[in-house]
Amino acid sequence: MAAECYLIFGRLVWWVTPSERQNFRTLWCSPRFITLFFMLFDFGSFVVQLWGVSATGASYSSNDTKGEKERGFNLGLKILKLGLILQVVCFGIFALISARFLVVSKYWNKSSFGVSDGRWRRLGYIVNIAAGLIMVS
């Protein structure tokens, strides 16, 4: 679901942002790299989580002493938690940037959109609501 939010938001920004506003200062992220940035950040957090899970599982299957197994398990658990924190931080940044986009876009000249304001703005709100629901769950 998060990946869909990234993709929809990236296309929405690219489609409706006037060319003179497609910069880092206005959007806090380059519109060309919005989707790529968040997808890579999300993928990186999944890799860290996978590393933590594999370290936790490896601690169970090893022939180490009980204390070494416990240390391996705790290390894997810490790595897994780090991956989860990275994922939540990434999605929080995304939610902040997408909310800022909707606020800033209210002040743009309506004739520069080339599309009706209501439809894409509703899609933006839906993406933000989905992002909020993902953050809560």
Magnitude of the Cβ-charge dipole (Lys and Arg +1, Asp and Glu -1) of the chain about the Cα centre, nearest 20 debye, reported as 480 debye
The summed charge of the residue 28 Cβ neighbourhood (under 15 Å; Lys/Arg +1, Asp/Glu -1) stands at +4
As straight-line cross-link partners of residue 81, the qualifying aspartates and glutamates (C-alpha separation under 16 Å, not fewer than 8 residues apart within one chain) are 42
Against the 2.2 N^0.38 Å rule of thumb, the C-alpha Rg of the stretch 32-75 sits at a ratio of 1.68
Restricting to Cα pairs under 8 Å and 6 or more apart, the percent relative contact order of the chain works out to 32 percent
Expressed to one decimal in nm², the mean projection of the alpha carbon convex hull of the stretch 1-77 is 6.5 nm²
Between residue 19 and residue 108, the two model label points (7 Å from Cα along the beta-carbon direction) sit apart by a distance in nm of 1.4 nm
Non-local residues with an amide H under 5 Å from the amide H of residue 30, with H modelled 1.01 Å from N and Pro and chain starts lacking one, are none
Assertion target for 135, 1, ordered by fewest C-beta neighbours within 10 angstrom first, is 1, 135
Of the residues 17, 91, 6, the Cα lying farthest along the dipole of the chain towards its positive end, which is defined by charges on the beta carbon of Lys, Arg, Asp and Glu, belongs to 17
Computed from every Cα-Cα pair in the chain, P(r) in 10 Å bins starting at 0 and rounded to whole percents is 12, 34, 24, 15, 10, 5, 1, 0
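Values in this text are rule-based calculations from the coordinates and carry no lab data. What you see is a predicted model; the values in this text were computed from it and never measured. Note that each Cβ is placed from the backbone with ideal geometry, even for glycine, and that neighbours are counted across all protein chains shown.
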